[in-house]
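Inspection log for the structure reproduced underneath, given as structure tokens.
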Amino acid sequence: MNKMKRLILSTAAFLLLFALPGCLKPYEAPWDQFCFNTLRNAEIILSAEDRSYIIDVLNNGSWTGGLAERDPDFVFYTQSREVGYHSSSGTFSDVKRGKSMTVTDEQREKINAMLKATAAAGNEKEKTVTLTVAETRPGNPAFEYRDGNPYCFYAFDSEGLPFRVIYGSFDSVIEKDVVTVSYSGEIREINETNPPGEWSAKYEINATGVTRKSRPGSPAQHISVTSGSETVVPHGCLLWSLTDNGDGTFTETVVDKYDVVDLVNGNVPISGTEIPVLHLNGPVGYSVQVNGTVEKVYLLSSDGKKYSKAESSFEALSELGDGTYYVAFEVLLNGSCDPDAPQTSSRYEDVFCLIVGDGKTARADGI
């Protein structure tokens, strides 16, 4: 009898040894609802295979302390916990445990493909809105990053109402672009009130896609540059501004956005910047708005390895030898064209690419 008891106990202990790891897994699929889309306010129906894959990721991933900063667009319900999921970054957040986990790119793509497929199967149509991307202002970048990753950009609708567009990529979109923003949930009214000079978005969108419709090319901006029949609007960077507050005080702001030498040498990891190209087809001229003055012109020429910057003039650009150059110049806008608007003086550094001949043999001396 004692031998039999010992055998039963040993067998139970043996079975318990193998049963414990499964019991210790914090995430198990529930019997009913598993996934909910917070943007569409709708349940997502996943296959048993998809459920099993996500549960396996949750149980075997590398969780770290602290919750993700971004709000989830999906929530997964397990038997004992709710886990938020931000699809753009591939980050899970377990509020109860106070932990988060970012999956691999491969896992993120697979999970997002599951979620997108179920949305398509439900015939849920995406909606769109047309917006114009904002221009960076003093202390207020049009594109915002978090932890080094694209997070959102600011834009305006046709009535000038400000939007925050949350989207995980800034590819091929720059300041002042007109874009079509796709979204599946609702446009949220947030009515932020921030200190003067900072973005105060009225609405917020979790975008599912951003497509450029048009790019500004009008000489109506503060400066345009012409050679022959070709005209470009350079990329402009606001460096400094001084605003007359109308009460005897002034507000001065300095913007440190980038160094133009680092920009043309590819040493500045920023999105939202595209440098227009002008081909030399005659003397280089420019048109600046009535309150603007071109104060300095710089030529950036290459020694075959990198570009260096030297002071030059618009007249000298017409004498350059074949090659690919960059031209930067400082423009001072004195006050505002509208006398009823706040009188603000601004300094810009603008840049464009100048191709002479075949664009292949630029020398550091520019000859």
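The values are calculated or read from the model by the stated rules, or taken from the named source; none is laboratory data. All values derive from a computational prediction rather than experimental measurement. As a convention, Cβ positions derive from the backbone with ideal geometry for all residues, glycine included, and neighbour counts pool all protein chains shown.
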Flag for residue 185 being surrounded by 15 or more Cβ atoms within 10 Å (Cβ to Cβ), touching a Leu at 6+ places or on another chain (Cβ under 6 Å), at pLDDT below 85 and not charged (D, E, K, R): yes
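If you go through region 318-357, how many residues are at pLDDT 75 or above and either aliphatic (A, V, I, L, M) or not in a strand (DSSP E or B) (or both)?
Applying the first criterion (at pLDDT 75 or above) to region 318-357 yields 318-334, 345-357.
Right, trim to either aliphatic (A, V, I, L, M) or not in a strand (DSSP E or B) (or both) and you get 318-322, 327-328, 331-334, 351, 354-357.
Count: 16.
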Answer residue from region 27-55, given it is loosely packed, with under 13 Cβ neighbours inside 10 Å and in a helix (DSSP H, G or I) and is modelled with the highest pLDDT among those: 52
Residue that is surrounded by the most Cβ atoms within 10 Å (Cβ to Cβ) [pool: residues in region 296-315 that are over 32 Å from the mean Cα position of the chain (by Cα) and part of a strand (DSSP E or B)]: 312
Residue that is modelled with the lowest pLDDT, among those in region 212-231 that are within 30 Å of residue 182 (Cα to Cα) and assigned to a strand (DSSP E or B): 214
Tabulated pairs, region 257-277, first farther than 22 Å from residue 211 by Cβ, second of a type outside the set (S, T, N, Q) and at pLDDT below 55, C-beta under 7 angstrom, 6+ apart or interchain: 258/270
Residue among 24, 16 that is at pLDDT below 85 and surrounded by 10 or more Cβ atoms within 10 Å (Cβ to Cβ): 16
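Which residue, of 136, 104, 128, is of a type in the set (Ser, Thr, Tyr) and either modelled with pLDDT of 90 or more or at positive phi (or both)? Full working, then the answer.
Numbers: 136 fails: either modelled with pLDDT of 90 or more or at positive phi (or both); 128 fails: either modelled with pLDDT of 90 or more or at positive phi (or both).
Unique residue meeting the criteria: 104.
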Matching option when the condition is at pLDDT below 85 and within 26 Å of residue 150 (Cα to Cα), among 6, 70: 70
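To keep it simple, each residue is scored yes or no on (1) modelled with pLDDT of 80 or more; (2) outside the structural domain of residue 85 (by TED's automatic domain parsing); (3) farther than 25 Å from residue 151 by Cβ; (4) crowded, with 17+ Cβ neighbours inside 10 Å.
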| position | (1), (2), (3), (4) |
| --- | --- |
| 203 | yes, yes, no, yes |
| 210 | yes, yes, no, yes |
| 238 | no, yes, no, yes |
| 246 | no, yes, yes, no |
| 249 | no, yes, yes, no |
| 255 | no, yes, no, yes |
| 260 | no, yes, yes, yes |
Number of the condition not met by residue 75 [criteria: (1) at pLDDT below 80; (2) part of a strand (DSSP E or B)]: (1)
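Do we find that residue 150 is surrounded by 14 or more Cβ atoms within 10 Å (Cβ to Cβ), at pLDDT 75 or above, farther than 18 Å from residue 208 by Cα and not assigned by TED's automatic domain parsing to the domain that holds residue 72 in this structure?
Working: surrounded by 14 or more Cβ atoms within 10 Å (Cβ to Cβ): yes; at pLDDT 75 or above: yes; farther than 18 Å from residue 208 by Cα: no; not assigned by TED's automatic domain parsing to the domain that holds residue 72: yes.
In short, no.
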Positions within region 62-88 being buried (at least 18 other Cβ atoms within 10 Å of the Cβ) and within 22 Å of residue 45 (Cα to Cα), in sequence order: 72, 73, 74, 76, 78, 83, 84, 85, 86, 87, 88
Matching residues in region 156-178 - criterion: being at pLDDT 85 or above and either in contact with a helix residue (DSSP H, G or I) (Cβ under 8 Å, 6 or more places away or on another chain) or assigned to a strand (DSSP E or B) (or both): 156, 162, 163, 164, 165, 166
